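A short worksheet on the structure shown next.
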Amino acid sequence: MTTAAIGKPISRVDGRAKVTGSAKYAAEYNVPNLAYGYIVSATVAKGKIARIDASAALAVPGVIEVFTHEKTKHLAWFDRSYQDEVAPPGSPFRPLYDDEIQYNMQPVALVVAEDFGIARYAATLVRVEYERVAFATDLEQQRAQAYVPPKKRNGIPPPGKPRGDADAAIASAEITHEAEYVMPYEHHNPMEMYGSTVVYEPDGKLTIYEKTQGAPNCQTYVVKVFGYSTGEVRVISSYVGGAFGSGLRPQHQLLLAVLAARELKRSVRVSLTREQMFSLSYRPYTFLPISLGANRDGTLTAIKHSATAVTSRFEDYQEDDVNWSGALYKCANSKFNYELAQLDLNTPCDMRAPGGATGMYALECAMDELAYKIGIDPLELRLKNFAEKDQNKDLPFSSNELRKCYAQGAEKFGWSKRNPEPRSMREGNQLIGWGMATGLWDAQRMKASAKALLTADGKLEVSSATTDIGTGTYTIMTQIAAETLGLPMDRVMFRLGDSSMPMAPVEGGSWTAATVGPAVQAACQAVGKKLFGYAKKIKGSPLAKAKFEDIEFGDGQMRLKGGASQSVALTEALRHAKVASIEEEATAAPGSEAKKYSMYVRSAIFAEVKVDEAFGTVRVTRVVNAIAGGRVLNPKTARSQIIGGVVWGIGMALEEESHLDHQFGRFMNHSLAEYHVPVNADIHDIEVIFVEERDEIINSLGVKGLGEIGIVGTASAIANAIYHATGKRVRDLPITLDKVMRTE
C-alpha cells in the first residue's frame, strides 16, 4: 500500500500558527528603525491640485517627511509604462505622479513619521486646495457612451461569436422572456487590510513583506517601476488574511512604501485604513439585459445576453459576464455583447468569481422566469437544454457530471416535494420559498515551478512562490508531496509566498491547485527517480532489475508494486549513495489539451428561504450545493471553500452593496458597520456534496479549482426562492426588505 494523503480530510498544516499568532502578516513584522507612512486621500472626484501645504505636518515632532507629487516629479526611475501581471489594457494609476485627481480618495500625500500615531495625526494637518472640474460617477447617465473595448484584457476571452439569428428566433419564439438584471457595486473586505513593510537593507536592497496574491508579481512591479534588478528586491507573503481577487494587482501602498524607503534610506511601513480600502478594488456596477426564446416544451431557441459595466477613465477593466450563457445551455441561436462605460472612479478589480458571479446571476434568474412562463419545473428546463459540448468554442468537455449534480442536489434538498405555485408554502407568518440555479466556472491551469529537497534524515521540503490566501494551499501541496514520495505528512514541509522561490503565477481564478499541484508532483517525482537510481545500485537490491514504473512509494520506502517485502527505505538509498540530500526543481505547464477540450467546474445549488410576510425580512434557512470539481484533494478544506462561497453568495443576494454618492463621487458606507456582510446569525444549514468526477485530461492530478464555484449561482438560487415564496421578482441586488415589500 502507498502512504495515501490525497483525498483525506486533513486539518490545515498552518492552522496552529494562525490560531496561536505565530503566523505573521505583512504589517506585523518587527523591523529595527522602522518609520510609518500614512496616506492623505483626495476629497474631490476630479480636477487638479492647485496647492498643497505640508508645513504644519512637517512641524510636528517625529515627522520625517511628507511626500507629494511635487517631491516625486524629479524621480527619473518613476517608470510610466509598466503594467503588472494582471493589469487590464490602459495606463495604470500612479500615485503621487502628478497633480491630476482621477477619483475621490486617491492618494495625494504620504506622511512618514517615527510613530504611526504621529503620522496619522500629522496627515490631518496637510492642507490641499483643488481646482474642481465636472465629473461623472453615475452609470445610468453614462450608459449612452458605452463602448466595446478595443483591446481585450489578457486572459479574458471575448464574448462568444453569434450563432444563428437570435433576433429572428426571439421574434418567432412561442415563449419569450426579456428583462434587465442589475449588479451593484461590491467591495472586497478581507480581514487583513493592505499593508507593506519595506525593509531597507544595509546594501540598499529591499526585503518587502507584502499583502498580495502574488509575491513574484509584486517583485516584478517594484523592479520595473523603480529600476531595480531582480536580485535587489525580495517580496515575502507567507500568510494572507483573505484577498478574494483584491490582491492580484499591487496596490498603491506598495509603491508609496518603496518610494519612501528608497528616498529616506530606511525601512518604512505603509498600511491602509478600512475606509481607504474602499478606494481600491470593487466589483463593477453592471446592467445585464437578457432575452430568452423557447418552444412550449421548454427547448431554448434563442439567447441574447448583454452587459454594460463600469470601468475607470484610465483602464479598460473587463470580465466575461456574458460568456457563460453561450457555454452552459444548448441553443442554436445566440448573441452576446459586452460594453464598458468610463466613470471617474478607480479601476474595478477581480472579486471572487469575476464575471461568473455577475453574468450567471442574470442568466439563472432569467431561466427561472422562463420556466414559470412555460409552466415547467426549473430543474427540468435545465435538463431539457443540457449542453453536451461547449458551443462557444465548439469543443467537447474534458468532463461533465452536471447531471449528477442536479440529481444528487435535488435528492438531498427534497426538490421533488416542491409545490411550484408561488406563495403556496407557508409556516405561520413565514412564506417559504425553494429556488435553484446552476453554477459554472472555468477550470484553468497555468505554468508553475516547484523545488523539492529530500535530506538524509528522511525529511522533505518543497517550495514554490505561490500564495495561500486562506484556501488551504499549504495543506494540499503538503498532501501531494507526501503521497508522491510516500512520506508521512509530519515529515513534509511546504513553503510558499517568497519571490526567491521557484516561479508561480498569482493565486487567482481557482487555478492554483491545478497549476502548482502538478509542479509539486513533478519535482517530487524527479527526486524519486534519482532515489530509485541510488536504490538499484545497492548490493543485493530487490529493485536492481525493476523499472521506475514498476515501483511505488509508501511508508518511507520504495517497493515493487504488489510486493511490499521487496523494498528499499528512502534514507537507506541516500546513505548508500553517500549523499546528504537530493534537490530537484521541475516546471509543469498546460499542453495542447486546452485547444482540444473545454474545461469547467460545475454546480447545482438549491436554496430555501423564509420570508416574514409582514416585514419582508428574508432568512436563507437551507442551501444544498452539489459540486463536480474533479478530484478533491482535501474534502475538509474544499468544503470550507464552498461554504465560504455560499456565505458570500448569501451576502451578495441579501446584503452587500457599496453606496456611491454622485454628489461627491465617493463610496459612503466605507466601514464594516455600514457595508453589510453576513454574520453568524445569518447563516443556517449549508450542505456540500462533492460529486464524483474523473478528469484524465485537465492535469496529472485530475484536480480542478474550487475557490470560485461556491459563490456562482448562489445569489440566483436565493433570488429564485424569494420569488417562489412571495410571488415578487426582484432583479436588482441586493434583495433588501424594502424591495420585497414594494408594490410594483
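The values are calculated or read from the model by the stated rules, or taken from the named source; none is laboratory data. Being a predicted model, the structure only gives us computed values, none of them experimental. Positions of Cβ are generated from backbone atoms using ideal geometry, with glycine treated the same way; all protein chains shown enter the neighbour counts. Ligands, DNA and RNA are stripped out before the accessible areas are found, and what is left, the full protein with its side chains, is counted by its heavy atoms. Shrake-Rupley method; radii C 1.70, N 1.55, O 1.52, S 1.80 Å.
Miscellaneous remarks
- Net charge over other residues, Cβ less than 12 angstrom from the Cβ of Lys8 (K, R count +1; D, E count -1): 0
- Gyration tensor verdict on the chain (Cα atoms; rounded if a/c is under 1.5, prolate if a/b is larger than b/c, oblate otherwise): oblate
- For the stretch 136-199 versus the stretch 407-463, the gap between their alpha-carbon centres in whole angstrom: 24
- Distances between placed amide hydrogens fall under 5 Å for Ala569 paired with Met558, all partners being 5 or more residues away or on another chain.
- Rolling a 1.4 angstrom probe over the protein heavy atoms with all chains in place gives the chain an accessible area of 38 Å² per residue.
- Listed peptides 212-219, 271-278, 250-257 by packing density, highest first (mean Cβ within 10 Å): 212-219, 250-257, 271-278
- Under 20 Å from the Cα of Lys451 - lysines, other chains or at least 8 residues apart: Lys459, Lys529, Lys530
- Placing +1 on each Lys and Arg Cβ and -1 on each Asp and Glu Cβ, with no other charges, gives the stretch 98-191 a dipole about its Cα centre of roughly 360 debye.
- Gain on full extension, evaluated as 0.36 nm per residue between Glu427 and Ala580 minus their Cα-Cα distance, stands at 48.1 nm.
- In percent, rounded to a whole number, the relative contact order of the chain is 17, using alpha-carbon pairs under 8 Å and six or more apart.
- Accessible carbon and sulfur surface of the stretch 331-434 relative to its total accessible area, %, 1.4 Å: 45
- Here the calculated FRET efficiency for Ser565 and His684, from their Cβ-Cβ distance with R0 = 56 Å, stands at 0.55, rounded to the nearest 0.05.
- Pairwise FRET efficiency - Phe664 versus Lys739, Cβ, R0 = 41 Å, nearest 0.05: 0.95
- Carbon + sulfur, % of accessible area of the stretch 460-615 - ligands and nucleic acids excluded, 1.4 Å: 49
- Protein-only accessible surface order, largest first, of Lys561, Lys578 at 1.4 Å: Lys578, Lys561
- Summed residue charge, Cβ within 11 Å of Arg153's Cβ, Lys/Arg positive, Asp/Glu negative: -3
- Panel note: the C-alpha atoms of the stretch 1-142, placed on their principal axes, show extents of 74, 47, 33 Å (largest first).
- By definition, a body whose alpha carbon gyration tensor gives a ≥ b ≥ c is oblate when a/c is 1.5 or more and a/b is not larger than b/c, and the stretch 592-682 fits this oblate description.
- Accessible surface of the stretch 101-230, 1.4 Å probe, proportion on carbon and sulfur as whole %: 51
- Gyration tensor (alpha-carbon) shape descriptor, the stretch 345-397, a/c threshold 1.5: oblate
- About its Cα centre, the chain has a charge dipole of approximately 2040 debye under the convention of +1 per Lys or Arg Cβ and -1 per Asp or Glu Cβ, with nothing else charged.
- The helix-based estimate of mean residue ellipticity at 222 nm for the chain, built from -39,500 (n - 2.57) per DSSP H run of four or more residues and divided by its residue count, is -7500 deg cm²/dmol to the nearest 500.
- Length gained on full extension, Ser700 to Ser229: 166.0 nm, using 0.36 nm per residue less the C-alpha separation.
- The slack between Lys417 and Ala56, meaning 0.36 nm per residue of separation minus the straight C-alpha distance, is 122.9 nm.
- Surface calculation, 1.4 Å probe, protein heavy atoms: Glu572 sits at approximately 60 Å² accessible.
- Positive dipole terminus of the chain, leading residue within Val44, Trp415, Phe664 (C-beta point charges): Trp415
- Taking every DSSP beta bridge that has both ends in the stretch 403-541, the antiparallel portion is near 65%.
- Heavy atoms of Phe690: accessible area, 1.4 Å probe, square angstrom to 10: 60
- Solvent exposure, largest accessible area first (probe 1.4 Å, DNA, RNA and ligands not counted), of Glu388, Glu232: Glu388, Glu232
- Our note on the geometry: Cα centres of the stretch 668-744 and the stretch 265-281, 30 Å apart.
- Among the listed pairs Lys48/Lys224; Lys224/Lys265; Lys417/Lys610; Lys389/Lys596; Lys384/Lys417; Lys18/Lys704, those whose Cα-Cα separation exceeds 23 Å are Lys48/Lys224; Lys18/Lys704.
- Dipole of the chain, positive direction: furthest Cα of Leu139, Ala452, Met501, with charges on the beta-carbon: Ala452
- The peptide list 97-108, 462-473, put in order of mean Cβ contacts within 10 Å with the highest first, becomes 462-473, 97-108.
- Centre separation in Å (Cα based) which lies between the stretch 47-68 and the stretch 337-355: 34
- Going by accessible surface with a 1.4 Å probe and the largest first, Asp53, Asp390 read Asp53, Asp390.
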